[in-house]
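What follows is calculated from the coordinates using simple rules that are stated; it is not laboratory data. The shown structure was predicted, so the numbers you read here are calculated from the model rather than taken from an experiment. When we count neighbours, we look across all protein chains shown, and the Cβ atoms used for this are built from the backbone with ideal geometry, even at glycine.
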Amino acid sequence: VVHGDFNNHIPVTGSYEVRELSTTFNYMLDGLNSYVNKLMKVENEKRQAEIHALQMQINPHFIYNTLTSIKWLIWQGKTEKSVQAIDAFSMLLRNTISKKEEMITVKEEVENLKKYVFLQHIRFGDQIKVEIFLSKECESCLIPKLLLQPFLENAFFHGFQETSSGNIHVFIGNQGGRLVSEIIDNGTGISPDKINQMLSSKAKNTSHFTGIGINNVNDRIRLLFGKEYGVSIVSEDYKGTAVTVTIPIID
């Protein structure tokens with residue numbers, strides 16, 4: 001009982017006073033058990049609400065800027081590219097806003113990443129090259145929706161502030177029975193203090209696509225799978241940044 005297991009009723013035996021005390025103690029245990037179960041249910045519902053809120057975030061500026069970019073493509077007479085942009089944009093909106101599933105396949109997550117990259121290239125040009133490598137055996141594994149996109153976004157907008165060109169590589173595979181995703185760029189790097197701030201609960205959210213901060217993704221992973229999973233970041237000034245996201249393999 002001291003360690004939190006309230007299912008240990010004591011036998012009701014002995015003198016009248018001891019039996020009364022035992023009965024009352026057992027009644028108290030039942031009350032505590034009921035209270036803890038209700039509390040766990042409420043906390044679980046709160047957790048689901050928090051996860052849902054994270055998934056549903058999409059920044060209005062991204063919508064505005066994307067529509068403006070599509071308008072310019074149409075104005076320039078680039079019909080085919082305009083159609084591709086509208087398809088990519090509508091797919092992203094459908095997968096982020098309309099689709100209610102908490103988990104999607106890794107293959108679907110990668111398709112979302114490709115659509116996001118395509119729209120960024122339309123807006124800023126394709127000087128920042130992005131390559132995504134997905135292990136065939138992991139295509140049908142499940143992953144929380146929008147888990148990797150904030151890291152790609154962070155690389156786009158913060159990794160290349162001092163240069164207009166570079167490379168981002170995304171590797172997704174099975175490592176020791178875990179689904180490990182690595183997002184590696186050759187940008188300007190991040191200082192150790194900045195990394196700690198990004199992973200801190202006090203970190204401010206990003207402001208480009210989802211509005212989901214890196215710390216929120218880390219918290220979300222730990223809410224879903226436990227503290228042995230999460231996000232780690234290694235970086236070196238003017239050499240680049242490597243982000244590793246680890247979750248369990250879910251078929």
**Cα-Cα P(r), region 68-111, percent of pairs per 5 Å interval** = 5, 21, 23, 17, 13, 11, 7, 3
**Item:** Subset of Lys81/Lys115; Lys81/Lys145; Lys145/Lys239; Lys71/Lys145; Lys114/Lys136 violating a 24 Å alpha-carbon distance limit
**Value:** Lys81/Lys145; Lys145/Lys239; Lys71/Lys145
**Message:** Could you sort the peptides 213-226, 62-75 by per-residue average Cβ neighbour count (10 Å cutoff), highest mean leading?
**Reply:** 213-226, 62-75
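Apply the Kirkwood formula to region 118-251: the hydrodynamic radius equals the inverse of the mean of 1/r over all pairs of different alpha-carbon atoms; give it in Å with one decimal.
Taking every pair of different Cα atoms in region 118-251, averaging 1/r and inverting gives 15.3 Å.
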**Alpha-carbon Debye profile of region 13-162, log10 I(q)/I(0) at 0.11, 0.12, 0.16 Å⁻¹** = -0.58, -0.65, -0.98
**Prompt:** Which whole-percent values make up P(r) of region 104-170 when all C-alpha to C-alpha distances are grouped in 10 Å steps starting at zero?
**Reply:** 20, 52, 24, 4
**Fill in**
Out of Gly187, Gly173, Gly125, a Gaussian network model of the chain with alpha-carbon springs under 10 Å gives the largest mean-square fluctuation to Gly125
**At 1.306 mPa s and 10 °C, Stokes D of the chain from Kirkwood alpha-carbon radius, µm² per second** = 76 µm²/s
**Request:** Give me the distance between the Cα centres of region 108-128 and region 60-80, rounded to whole Å.
**Result:** 14 Å
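Can you order the peptides 129-136, 12-19 by their average number of other Cβ atoms within 10 Å per residue, highest first?
129-136, 12-19
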